[in-house]
Amino acid sequence: MLGAAGWRGRAVQPPVDFPRLGLMSIGNPQNYDETTYQQQVARFDMAILGMYNGWHQGGKTPAQAVSQIKSLNPRMLMGNYTLMTELTSSTSNPSTLYAHNKLSSEVGPGGVGNWWAYDAAGIHTDWSGGSFSSWDTNPTLLTTPDANGDRWPQWQAKSDFSLMLSNANFDIWFTDNCFWKPRSDADWNRNGVNDSQDNIAVRNWWRDGQRAYYDTAATAAPGLLLMANVDSDLDGSVFPTTADSFTQFKDVLGAAYMEHTMGMSWSVETWGGWNLVMDWYRQLKTNLLPPRTLLFDIYLASTTDYQAFRYGMATCLMDDGYFSASTNYNQVVWFDEYDLAGTASTKWLGQPIDSPPTSAWQSGVYRRNFTGGAALVNPKGNGSQTVTIGAGYHRIAGGQAPTVNTGAAATTVTLQDRDGILLVKD
């Protein structure tokens, strides 16, 4: 196990008021140089970009593109994507060739092979089954250090900073694939036997390697907020329910990304239900370092599925996270609830009056009140419910879902199963 040294990055404070809007903008064609796209990105409070090594588009450098976006919204937080646990299998991509060469030229565990991950037959492993045309790297600390004493996690963290993060005014270092266990049964120690991901010792090899990346990032960029895409609550106490207890990630990250909590076949809400999503959400916040920033993401198969959108956004508002509605990670989608259909600022909900609720308010429906309005969510499995709101609220007046957002007084509201609504205070 690694020591207790953790991430102590910049204590970036989130916007005071709600809603807090996030954007994952990492998909092709990474057109961050275009004025229209920059204006769309700048409407959000947080944006994660996918600039790669050598990105230079429209005659603009990363520093220039980021500066132009931030000039439109100086308060927003901007980060850039990195990935340490896998790499494209292609050697024709100039942006990743440097890493490909390093992985192939160094020495593997016990002097066998190199820094790639292999199975017992010596074949590259790919946890995604070919979905991303990538090979797994070996992030464990079982490999042979290079001449500088670095293994793959440390070397890649230093490279990520120098090549992709130090060249622009970023606030956030985003890293993908913070898995609580490896997703390949690779021969991690190169002894000719595949190592099961269900073996606790193997899981700790994996987690120790990821922790080495985070600790190196802390040293390389103490002014950046480290955010990881996590598939656990960072200690295994609540989520996943099948996880072992572990210590490598707790009190190490300052921020976490909850990818596609809803909307996909593999989403937590799909197979585990709404309460498990909330357990994950709450425990994650506990296990982060200040400022405990969460980006709560849902997947939308259709940008006109306004009920699914409301359900996701209202769920996010049951705690203090930023909200992201994703499609292909390049499309920027805007909803009437973000700014009252263009009639108010994106901070129209104001400050929370209530603490994040841990129990239902009425008929299984959850509610949280803000100085400028209220958010209600009806969890999956609760059926259709009609609830009494009380005086002083009206519906949003919007054109995207005109039968819901009518602008009328809201004394009672009927919510379908897996539904939510945002109301405006009179």
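Table: residues versus (1) of a type in the set (A, V, I, L, M, F, W, C); (2) in contact with a Lys or Arg (Cβ under 8 Å, 6 or more places away or on another chain); (3) surrounded by fewer than 23 Cβ atoms within 10 Å (Cβ to Cβ); (4) in a helix (DSSP H, G or I).
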| position | (1), (2), (3), (4) |
| --- | --- |
| D198 | no, yes, yes, no |
| W205 | yes, no, yes, yes |
| G209 | no, yes, no, yes |
| Y213 | no, no, no, yes |
| A217 | yes, no, no, yes |
| G223 | no, yes, yes, no |
| A228 | yes, no, no, no |
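For segment 1-118, the strands (runs of 3 or more DSSP E) that sit wholly inside it and include 3 or more residues that are at pLDDT 95 or above, within 21 Å of the chain's Cα centre (by Cα) and buried (at least 19 other Cβ atoms within 10 Å of the Cβ) are 22-25, 46-49, 77-82.
Is it the case that segment 306-318 has a residue that's in the same structural domain as M278 (by TED's automatic domain parsing), buried (at least 24 other Cβ atoms within 10 Å of the Cβ) and in a strand (DSSP E or B)?
So far as segment 306-318 goes, no, none of its residues is in the same structural domain as M278 (by TED's automatic domain parsing), buried (at least 24 other Cβ atoms within 10 Å of the Cβ) and in a strand (DSSP E or B).
Looking for something touching a Ser or Thr at 6+ places or on another chain (Cβ under 7 Å) and either modelled with pLDDT under 95 or among the acidic types (D, E) (or both) - is there at least one such residue anywhere in segment 407-418? Scanning segment 407-418, I find at least one residue that is touching a Ser or Thr at 6+ places or on another chain (Cβ under 7 Å) and either modelled with pLDDT under 95 or among the acidic types (D, E) (or both), so the answer is yes. Residues in segment 65-97 that are farther than 26 Å from P153 by Cα and touching a residue at least 12 places away in the same chain (Cβ under 8 Å): 10 in all.
For segment 119-156, the set of residues classified as of a type in the set (A, V, I, L, M, F, W, C) and in a loop (DSSP other than H, G, I, E, B) consists of A120, A121, I123, W127, F132, L141, L142, A147, listed by residue number. A Cβ distance below 8 Å, combined with a sequence gap of six or more or placement on separate chains, defines the contacts here; from segment 38-62, residues that are among the acidic types (D, E) reach no residue that is modelled with pLDDT under 95 and not in a loop (DSSP other than H, G, I, E, B). Per the conditions (1) assigned by TED's automatic domain parsing to the domain that holds A42; (2) closer than 18 Å to F296 by Cβ, the sole criterion not satisfied by P357 is (1). The set of residues from segment 343-398 being within 17 Å of A410 (Cβ to Cβ), in contact (Cβ under 8 Å) with a residue 40 or more places away in the chain and of a type in the set (G, A, S) comprises G372, G373, A374, A375, A397, G398.
Within segment 408-426, the presence of at least one residue that is crowded, with 21+ Cβ neighbours inside 10 Å, among the small types (G, A, S) and touching a residue at least 60 places away in the same chain (Cβ under 8 Å) is confirmed. Checked against (1) in contact with a Pro (Cβ under 6 Å, 6 or more places away or on another chain); (2) under 25 Å from H260 (Cα atoms), D339 passes all but a single condition, namely (1). Residues of segment 245-277 that are part of a loop (DSSP other than H, G, I, E, B), hydrophobic (A, V, I, L, M, F, W, C), touching an Asp or Glu at 6+ places or on another chain (Cβ under 8 Å) and within 16 Å of D297 (Cβ to Cβ): M262 alone.
The values are calculated or read from the model by the stated rules, or taken from the named source; none is laboratory data. Just so we're clear, the structure is a prediction, and the values are computed from it rather than from any experiment. As a convention, Cβ positions derive from the backbone with ideal geometry for all residues, glycine included, and neighbour counts pool all protein chains shown.
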